[in-house]
1. If you check every pair at least six apart or on different chains, which have Cβ atoms under 7 Å apart with a residue in the range 70-90 that is under 22 Å from L251 (Cα atoms) first and a residue that is of a type in the set (K, R) second?
2. Name, by its number, the condition in (1) at pLDDT 95 or above; (2) crowded, with 16+ Cβ neighbours inside 10 Å; (3) within 16 Å of the chain's Cα centre (by Cα) that does not hold for Y56.
3. Failed condition for K203, given (1) touching a residue at least 24 places away in the same chain (Cβ under 8 Å); (2) surrounded by fewer than 18 Cβ atoms within 10 Å (Cβ to Cβ); (3) not aliphatic (A, V, I, L, M), with all others met?
4. Residues being out of contact with any Lys or Arg (no Cβ under 7 Å at 6 or more places or on another chain) and either open to solvent by 20 Å² or more (accessible area, probe 1.4 Å) or part of a helix (DSSP H, G or I) (or both): count how many of those fall in the range 63-97.
5. Quick check: anything in the range 123-132 basic (K, R) and either at pLDDT below 95 or within 18 Å of the chain's Cα centre (by Cα) (or both)?
6. Under 8 Å between Cβ atoms, which residue pairs at least 6 apart in sequence (or on different chains) link something in the range 217-229 that is at positive phi and open to solvent by less than 10 Å² (accessible area, probe 1.4 Å) with a partner that is among the basic types (K, R) and in a loop (DSSP other than H, G, I, E, B)?
7. Within the range 134-159, take every residue that is of a type in the set (A, V, I, L, M, F, W, C) and open to solvent by 20 Å² or more (accessible area, probe 1.4 Å) and give me the one that is nearest to F114 (Cα to Cα).
8. Tally the residues that are under 27 Å from P185 (Cα atoms), without any contact (Cβ under 8 Å) to a residue 60 or more places away in the chain, open to solvent by 10 Å² or more (accessible area, probe 1.4 Å) and not in a strand (DSSP E or B), restricting the search to the range 98-127.
Amino acid sequence: MCRILLATGEGYRMRPLVEALIRASENDPYKAARGRGNQHRDGWGYVLITKEKIEYYRSPKPIFEDEKATQLMNYLKGFGVLLLHSRAASQGKINLFNTQPFAYGSPHGYQLFFMHNGDLIKDLLLEGLKLPKEKFEEASDSYLAGMYISLFLRDTDDKSIVERLALLKNVVRTSLNTGGIILTPKEIKLFGTAYMREEFLEKEAERNYMRLLSFYSADLFAMMSSTLEFYTFLPLDNINNSTIYVVDVDLDKETFKPKSYPLELSQER
C-alpha cells in the first residue's frame, strides 16, 4: 500500500508536507511495524493544477530517488490543487501504467484525476464494470476503482460524490483511502476518503498505517497518510474512519471550502 497527500491552497504551504511524504516514502516506521519493509519505492506521481496550467507527472522510480521531486517543490508557488502519490505495490504490475495518480476522461463531462491507498477486491470491480478478467490481469485494483468512478459518477454535486464513493466500500479488502480532482469547464472539486475495514481498527499496527490525517488553516487544506506525522511540525488531526471530504475550489478567487460527510449512503435511498 501507498502514501498519499491531497492539498489545496497556497503552494509554499504545501512544501513541508511534500517533503514529509518524500521522507516517509524512504523510511516508513508504520510500514516496518507491519513486517512489510520500510519503503514505498514502486513509483510515484503528482497532479498540480493552478490558474495557469496542469502539471501531470508519473514515474516508476522511487520518489526519493527522482530529481523531479525536488523540482516539484520549486513549482509550488501561488494557489493550486495537488494530488501526490508514492506507491508500494500490492496489486498490479510495477510499471508506468499502474503508477498513480490516474487520469480519466468521463463520459459525463468532466476530467477525473484519482489516487488510492489500500487493497480492493479486484474481481468484484471487474464484475461491476463488466470487463474481462484476462485483459486486466496486470492492471491494479486502484486503476479499476478510478475507472468505476469516472463511468458511474454522473453528477458532481456533493451528494453524488459521497454516495458513489460509499458504494466502493463494498469491494474494500483493507482500506479505501483516496484522493481525487474533478475538473469541469465550470468548476473544480477535490475529494478524499478515509476508510479502513472495522477489523483493522482493532489492530494497532494496521490502524496506525492506514490512518489518514488532516490539516486545515486559512491558506491550506490537506489530507495525508499517517506516516507524514513523523516528518512535519505542522499540527495534524486524525480523520475519523469512514469520512469523506469534498472541497469546492475557486482558482480565480483563490478560495477553497472543505466539507466533511460520513462515507455512507443517504437514508433517502
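1. M73/R15; L76/R15
2. It is condition (2) that Y56 fails.
3. K203 satisfies every listed condition except (1).
4. Residues meeting the conditions: 20.
5. no
6. none
7. That would be M147.
8. So the answer is 3.
The values are calculated or read from the model by the stated rules, or taken from the named source; none is laboratory data. Since the model is a prediction, treat every value here as computed from it, not as a measurement. All Cβ positions, glycine included, derive from the backbone under ideal geometry; neighbour counts span all protein chains shown. Areas reflect the complete protein model, heavy atoms only, side chains present, ligands, DNA and RNA absent. Shrake-Rupley method; radii C 1.70, N 1.55, O 1.52, S 1.80 Å.
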